[in-house]
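In what follows, a single structure is set out as structure tokens and then discussed.
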Amino acid sequence: MPSDSTTDTRPGFRDAMTRLRGAQKSARGGPPYSIFVNRPMGRVLAALAFRAGLTPNQVTALSAVATFVGVGLLAAAPASYVTGVAVCLLLVLGYALDSADGQLARLRGGGSLQGEWLDHTVDSLKVVVVHLAVLVTFYLHLDLAIGWLLVPLAFAVASSVHFFGMILVDLLGRATRAELALAAPLKTAPGASTALLKLPTDYGVFCLATVLLGAHTLFLGVYTLLAAATVGYTLLVVAKWRRDVIALDVLRTGARTNAAPEGHRR
């Protein structure tokens, strides 16, 4: 009698999609493109990857390949409509796969520290090099005054600071709450105005904007607008993060004071 040990017991695509919908992170506070476009795309890709037997790290690697091939085209190829469409498709695919790796990890029962490290390492590189690729395009393929090169430089700096700050403040908050045995604060959904304020800073919007690469003046204008919005938003959110970290310090100081012996409080 033949053995049935090779029978595929994994759920089908539809079952995987259903399980993924029930294992989503909270959508509160996220930028609109990431929540309403990128995450659903990532869900489909995660279900396909699950059926194909891929691991989250393999999906992260595919995300990196798609992204950095797109970055290479953006820097090296002529600034044409064809290049813009190709770059846009590759960056959008890379971003969707970046969402898929985490969703696949949750579908498989949880990710690993190595996977989280790999994901954040790729992301930290991506948010900088895409704008350095735009800088190369400005210099090699567009007839621009040298001062325009400051725009992608500023965009790269703001994106790096925003990404690092977002990760670090979240980590400090979780570490402090774990140290003091405090529950995580309830997240409230942002208002429509806040969501619209975040929209120009969404990496996915930048990905879509690259489709305009062949229309040099239009791409320059849209890219500069996104850069200015990202710099402005980053300045605002850094000030908020500083207040949040000061509040964490107050909590830790208060806990240490309450835990100290009576003689040491005087």
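The values are calculated or read from the model by the stated rules, or taken from the named source; none is laboratory data. Given the structure is predicted, the values throughout are model-derived calculations rather than measurements. When we count neighbours, we look across all protein chains shown, and the Cβ atoms used for this are built from the backbone with ideal geometry, even at glycine.
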Item checked: region 65-90, residues that are assigned to a helix (DSSP H, G or I), within 19 Å of Phe138 (Cα to Cα) and touching a Phe, Trp or Tyr at 6+ places or on another chain (Cβ under 8 Å) -> Gly84
Margin query: Condition (residue is in contact (Cβ under 8 Å) with a residue 24 or more places away in the chain, surrounded by 16 or more Cβ atoms within 10 Å (Cβ to Cβ), closer than 30 Å to Arg256 by Cα and hydroxyl-bearing (Ser, Thr, Tyr)) applied to region 118-140: is it met by at least one residue?
Written below: no
Check: How many residues are buried (at least 17 other Cβ atoms within 10 Å of the Cβ) and hydroxyl-bearing (Ser, Thr, Tyr) if we restrict to region 89-117?
Finding: 2
Margin query: Any residue in region 160-183 that is closer than 20 Å to Thr121 by Cα sitting within a Cβ distance under 7 Å of a residue that is surrounded by fewer than 16 Cβ atoms within 10 Å (Cβ to Cβ) and among the charged types (D, E, K, R)? List the pairs, counting only those 6 or more apart or interchain.
Written below: Val169/Asp244
Next item on the list: Inspect region 211-230 for any residue being under 18 Å from the mean Cα position of the chain (by Cα), surrounded by 14 or more Cβ atoms within 10 Å (Cβ to Cβ) and more than 14 Å from Val134 (Cα to Cα) and give the result as yes or no.
Entry: yes
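Yes/no matrix, rows are residues, columns are (1) out of contact with any Asp or Glu (no Cβ under 8 Å at 6 or more places or on another chain); (2) of a type outside the set (S, T, N, Q); (3) within 18 Å of Leu132 (Cβ to Cβ):
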| position | (1), (2), (3) |
| --- | --- |
| Gly42 | no, yes, no |
| Leu48 | yes, yes, no |
| Arg51 | yes, yes, no |
| Thr60 | no, no, no |
| Gly72 | yes, yes, yes |
| Ala75 | yes, yes, yes |
| Leu91 | yes, yes, yes |
| Tyr95 | yes, yes, yes |
Checklist line | Residue within region 28-46 that is in contact (Cβ under 8 Å) with a residue 60 or more places away in the chain, of a type outside the set (A, V, I, L, M, F, W, C), touching a Ser or Thr at 6+ places or on another chain (Cβ under 8 Å) and surrounded by fewer than 18 Cβ atoms within 10 Å (Cβ to Cβ) present | finding: yes
Next item on the list: Being at pLDDT below 95 and loosely packed, with under 11 Cβ neighbours inside 10 Å narrows it down to one of Ala178, Ala255, Ala195, so name that one.
Entry: Ala178
